[in-house]
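S.K.: Input: one structure, supplied below.
None of the figures in this text is laboratory data; all of them are computed from the coordinates on show. Every value quoted in this text rests on a predicted model; they were computed, and no experiment measured them. Glycine also receives a Cβ, built like all others from the backbone with ideal geometry; neighbour counts cover every protein chain displayed.
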Amino acid sequence: MAKVLTREGYEVIEASSGEEALEKANAFWGQIPLMVTDVVMPGMGGVDLAAQLSPQRPETFVMFISGYTGQAALSTAQLARGYEFLQKPFTLSAFLGKIRAILAAPRPAAKARGQATGA
């Protein structure tokens, strides 16, 4: 997927596990408009990854992919906001179409990393 997205002109931060993805996201100071993650992975799964990342990066949309049965794979998800889902197997066209649609959607305002909020 990273190769396909790079070839299509997207900047990709690739990680081999949920833990590595969280580390890389925490070290990256730019905006991350979209995270694509499998629901089930060894160690930290995609749902846990998204639950930890979402409060830190409200601008980041999450697209789950899974070979498990649709929304049932996400039944334990307690995310701060919505998510997208793409069922495996999928075509390259379906994958890229979903990515384009998500990135075209309105998103919450991003704030600078480390910026304090107050009333």
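S.K.: Using 0.36 nm times the number of residues separating LYS24 and VAL40, minus their current alpha carbon distance, what extension gain do you get?
M.R.: Gain in length upon complete extension: 3.8 nm.
S.K.: Moving to a separate point now. Along the stretch 24-40, what does the Karplus equation 6.51 cos²θ - 1.76 cosθ + 1.60 (θ = phi - 60°) give for ³J(HN,Hα), rounded to whole Hz, x for Gly and Pro?
M.R.: With the stated coefficients, the stretch 24-40 comes to 5, 5, 5, 8, 8, 8, x, 6, 10, x, 8, 10, 10, 9, 6, 5, 10 Hz.
S.K.: Going by amide H atoms built from the backbone, whose H comes under 5 Å of the H on ASP38, apart from near neighbours?
M.R.: ILE65
S.K.: Using θ = phi - 60° and the Karplus form 6.51 cos²θ - 1.76 cosθ + 1.60, what ³J(HN,Hα) does each residue of the stretch 41-54 get, whole Hz, x for Gly and Pro?
M.R.: My calculation for the stretch 41-54 gives 9, x, x, 6, x, x, 5, 5, 4, 5, 5, 7, 7, 4 Hz in order.
S.K.: In addition: Return the distance in nm (one decimal) between the two label points of a simple spin-label model at GLU84 and VAL4, each offset 7 Å from Cα along Cα→Cβ.
M.R.: 1.3 nm
S.K.: Highest mean first, how do 33-41, 51-59 rank when packing is the count of other Cβ atoms within 10 Å averaged over residues?
M.R.: 33-41, 51-59
S.K.: What is the distance, in nm, between label points placed 7 Å from the Cα along the Cα-to-Cβ direction at GLU59 and at SER16?
M.R.: Modelled inter-label distance: 3.0 nm.
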